[in-house]
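Inspection log for the structure reproduced underneath, given as structure tokens.
No value in this document is a laboratory result; all are computed from the given coordinates. Quick caveat: nothing in here was measured; it's all calculated off a predicted structure. Cβ placement follows ideal geometry from the backbone for every residue including glycine, while neighbour counts extend to all protein chains displayed.
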Amino acid sequence: MRLFVLSLFLIASAARAESADGWFDGKDGAAAPAAAAAAKKAAEKKIEKPALADDDRLWVIIEAADKSARQAVVDAGVAIEGMSGSQVAGVASLKALQKLKDRGIRVIKQTSLRVISTEDFPTADSAYHNYAETEAELKAIAASAPELASVFSIGQSWQGRAISALRLNTTAKGTQASKKPGAVFMGTHHAREHISTEVPLLIAKWIVENRNRADVKKLLEDRDVYFIPIVNPDGAEYDIATGKYRWQRKNMRKNSDGSVGVDLNRNYDFRFGGPGASDDPDSDTYHGPSAFSEPESKAVKAFFEARSNLKTFISYHSFSELVLYPWGGADEPISDQRALKAYKAMAEKMAGWTGYTAQQSSDLYVATGDTCDWSWEKRKVFSFTIELTPASQWAGGFYPGAAVISSAVQKNLQPVLYLIGLADDPTRAADSN
Ligand SMILES: [Zn+2]
């Protein structure tokens, strides 16, 4: 069944690629040959979900020597994923590529994602947890320490998958309220960033396994801690569903133009729809029809809003090895000077442990509507985006292989314990230097 569906899918995408030979054929499917349209229709009928993804996307290398040049690239709808000297690399749809061309931005190299897709989760990367394995692992962790750990769902994805949270609290379970200071660690807003599932999941496991160590025990008695390893389960599953990585970033919403997906990390309601977020549904950085239009980001919103005790937060992404603090959506620093000092001190500490680089999120380029700008602005939670390993596309990019998992987990353990510890009053980090 799967092979049959896949072959239809390939026929359909080959036909789409053909119609796009002159780069761009106007609105999706408008100029496609009848046979292609028929094949596409047949494929859509067979594949109820996931729908066809935007598989005509390209890996592009672009000359962009400074921040304003990078901003122009982002504003064309490209998701920048790496930098090397005066060049950036990232993922562009055909439409975004056309925009670059129209705006006179030089693309040095472009490669179809279908050509450079890497084999797989199931075999070479089987150490990575898919959705079902993540769910099973969370339940197993909770079952191993019922006095401390519990699992509940914060909401559901478009396709009905539960977005699960593991909670560590010695006195409250599930969704029971707690007055203890809280910390939360989330992964995989972006589907193809699978290492960002492994880090929170395996750190949670480590903490539970080491719950009787004196320092850990003390920490857990006084805190309310959450791990949400997969915010975007539909996208993550879609990315690996054929046994070949599909470079999916967004969720699996069916957009009105026939494209698939909203960039969940552009869908939050602070400076929504501003620079660095695309209004083109086809773009990898499409912000969605409105702020919090997506069930996944809505679930995160509700999660925060139900828990005013939350004070520290990491949203894991990959890659680049960075520790980022707000703002991401504006050039200027946050206005609260004491908080800014604390942010910088915390980021530097975490950079020291991980070997990553600490900086304001917008130092690379401005991107609006992300989780951390929202959680800082609206909830006053000290919020960090950590871009995990590897350092570059040339070191494995989104798919660095299973060998990096354990070192990524090791390096990121201390920052997690540190933020849990600081949750009573994160601003005291400002006094630490
Ligand atoms: Zn990401």
Inter-probe distance in nm under a simple model that places probes 7 Å from Cα toward Cβ, at S86 and S256: 4.3 nm
Explain nothing, just compute: Karplus ³J(HN,Hα) = 6.51 cos²θ - 1.76 cosθ + 1.60, θ = phi - 60°, for every residue of region 386-397 in order, whole Hz, x for Gly and Pro. 10, 8, 6, 5, x, 6, 8, 4, 6, 10, x, x
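Please state the shape class of region 188-263: rounded when a/c is under 1.5, otherwise prolate if a/b exceeds b/c and oblate if not, all from the C-alpha gyration tensor.
Values: a/c = 5.29, a/b = 2.62, b/c = 2.02.
The shape class here is prolate.
When the chain is fully extended, how far beyond the present Cα-Cα distance does D66 get from A214, taking 0.36 nm per residue of separation? Walk me through the intermediate numbers first.
Values: separation 148, 0.36 × 148 = 53.28 nm, distance 4.84 nm.
Going from the current span to full extension adds 48.4 nm.
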Please give the contour-minus-distance gain from K109 to Q156: 0.36 nm per residue of separation, less the Cα-Cα distance, rounded to one decimal in nm. 13.0 nm
Under 19 Å from the 7 Å Cα→Cβ point of N309, by amide nitrogen: which residues of region 205-228? 208, 216-228
Separation of the Q98 and A402 label points, Cα + 7 Å toward Cβ, nm: 4.3 nm
Of the listed pairs K180/K205; K67/K254; K101/K244; K205/K254; K179/K250, which have alpha-carbon separations greater than 26 Å here? K67/K254; K101/K244; K205/K254; K179/K250
Round to a whole angstrom and tell me the spacing of the C-alpha centers of region 211-279 and region 153-193. 12 Å
Classify region 131-431 as rounded, prolate or oblate from the Cα gyration tensor: take a ≥ b ≥ c as the square roots of its eigenvalues, call it rounded if a/c is under 1.5, otherwise prolate when a/b beats b/c and oblate if not. rounded
Can you list the residues, at least 5 places off or on another chain, whose amide H is less than 5 Å from the amide H of S318, using H built in the peptide plane? L388
Take a quick pass over region 295-433 and tell me how many lysine pairs come in under 17 angstrom between Cα atoms, counting only ones 8 or more apart or on separate chains. 12
Which cross-chain or sequence-distant (5 or more) residues have an amide H under 5 Å from the amide H of G155, H modelled 1.01 Å from N in plane? I163
Pull up all non-local amide H partners of A358: gap of 5 or more, or a different chain, and H-to-H distance under 5 Å with H placed in the peptide plane. V323
